[in-house]
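Shown next, in structure tokens, is the structure this report addresses.
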Amino acid sequence: MSDDDFMQASDEEYDFEYEDEEDDDTGDVDIENKYYNAKQTKATDSEEAVGQFLAIPALEQEKGEWGFKSLKQAIKLEFKLQHFQQAIEHYKELLTYVKSAVTRNYSEKSIDNMLNFIEKGSDSPAAVECIEQFYSLTLQCFQSTNNERLWLKTNIKLAKLLLDRKDYQAVSRKLKELHRACQKEDGSDDPSKGTYSLEIYALEIQMYSETRNNNQLKVLYQRALKVRSAVPHPKIQGIIRECGGKMHMSEENWKNAQSDFFESFRNYDEAGDLRRIQVLKYLLLATMLMKSDINPFDSQETKPYRSDPRIAAMTDLVDAYQRDDIYKYEDVLHTNKDLLADPFIAENIDEVTRNMRTKAVLKLIAPYTRMRLSWVAKSLRIGETEVQDILSYLIVDGRVQGRIDEHNSTLEIESLADARRVKTIQGLADSVGELFASVFKDADGFRHAVVDTSFAELGGERVRQYGDALSM
């Protein structure tokens, strides 16, 4: 073969290989273009976009990144369109990509984001059932690939789903399984899995809070606060502190409840979680129950929410409470019925109302010595029976010196001067009794000719006290 022939053959071989690579690059560019065209279509026609995304995986000679991305987009759209069965089938296909088509970290992050996305759409029984299928498929896939991190994350999400459905037995079983996965061989918590352990504690604390199991809740709450090996998401700390605050409220430990609600609000606020608004209401509720005069909006964290319309009703209640304005307080409650839609607020607001009415009764009766219970009830716009209950409590508690005439439905206040006079006379009577017992002991009359001067002095002092009392 001549040199010219050799060079010509070489050129032809080189040209053939170059054209192959160019075709591959062109194919990748074409797939990429189809992917972004489908994303543009998604904004106007979701059904059409699903079809375009699902056509892309078949264009790849081997499973690759564009097929993985396209399936993700298609599944999200199908879930949004409530095509749940198709979403499940395509999710099964998506999971076949995680072993070789994409990297471990990328697949883990993508699947976790996918599960987070569908969690937000679990607003119907069919959607919840679809989510359960997603979790089950994910656990099967990543357990076989020994991806413990994603297995833990998915199981925690499943436990949350079961908790939302109030399936407490299933939640309890799942939490035991998760606890075992986060423990060392000796049964102690594994410090390397501290973040997951804290999430599991948060779920268990929520469960015990909802089931009113305060004994178990208190134990877990204290244990969760002692975990130092974790760097948890602020939302997790918010959940733990919120449940702790509710626990303290049930024990009427208002001060600790207020402290926990403040920490919960601060963590929810840091996490950008909307739960912060409801917990801020709980914080204001605890502040009133503490009978504190400190403005809860003086802190740097709560100050931006002072004028937030979502807590305007609670803010007005606190303002009326701290100014002892019973009429304003009652008006706020009457015009904001939705405030009591939260069972926790509805359960505890009665104690605040009782405190407000007690203070109002004391303030109203202060200038008078005798009054009808019906007048007190009418003045405060409450029932006469409640007025009698409040006054009975105040009398027993020693804050009102008086008595209730149930026959005439009146309250009579005893004057302080009369009370002192009665007390002095009672003291004199006691002294005379003692003198009589000493002088006429055993009915023998005077046993000695000389009377002990200490008794004479005692009697003289008592008589002087009596004279002073009568002259008042």
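Values for this structure:
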quantity: Placed amide H near Gly402: partners under 5 Å, 5+ positions off or other chain; calculated: Glu414
quantity: Reachable lysines from Lys281, criterion Cα separation under 20 angstrom, eight or more residues apart if same chain; calculated: Lys235, Lys246, Lys255, Lys291, Lys303, Lys328, Lys337
quantity: Residue-normalised accessible area of the stretch 156-257, expressed per residue, 1.4 Å probe, Å²; calculated: 52
quantity: Estimated FRET transfer efficiency when R0 is 51 angstrom, pair Ser172-Gln61 (beta carbons, to 0.05); calculated: 0.55
quantity: Amide H contacts under 5 Å for Thr410, placed H, 5+ residues apart; calculated: Leu373, Asp405
quantity: Accessible-area composition of the stretch 159-246, carbon plus sulfur, in percent [1.4 Å probe]; calculated: 44
quantity: Qualifying lysines (Cα of each under 29 Å from Cα of Lys42; at least 8 residues distant if same chain); calculated: Lys34, Lys63, Lys69, Lys72, Lys76, Lys80, Lys92, Lys99, Lys109, Lys120, Lys157
quantity: Binned Cα-Cα distance frequencies in the stretch 77-145 - 10 Å width, integer %; calculated: 19, 57, 23, 2
quantity: Area accessible to solvent at Ser46, 1.4 Å probe radius, in Å²; calculated: 30
quantity: Average accessible area per residue (Å²) across the stretch 289-398 - probe 1.4 Å, nucleic acids and ligands excluded; calculated: 56
quantity: Convex hull per residue volume in Å³, alpha carbons only, for the stretch 311-350; calculated: 63
quantity: Hull shadow area, averaged, the stretch 180-310 [alpha-carbon convex hull, nm²]; calculated: 8.6
quantity: Enclosed volume per residue, in Å³, of the convex hull spanned by Cα atoms of the stretch 102-235; calculated: 125
quantity: Extension reserve of the Asp430-Glu351 stretch, reckoned as 0.36 nm per residue once the Cα distance is removed; calculated: 24.1 nm
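The values are calculated or read from the model by the stated rules, or taken from the named source; none is laboratory data. Keep in mind it's a predicted model, so treat the numbers as computed, not measured. Glycine also receives a Cβ, built like all others from the backbone with ideal geometry; neighbour counts cover every protein chain displayed. Heads up: the accessible areas ignore ligands, DNA and RNA and are worked out on the full protein's heavy atoms, side chains in. Shrake-Rupley method; radii C 1.70, N 1.55, O 1.52, S 1.80 Å.
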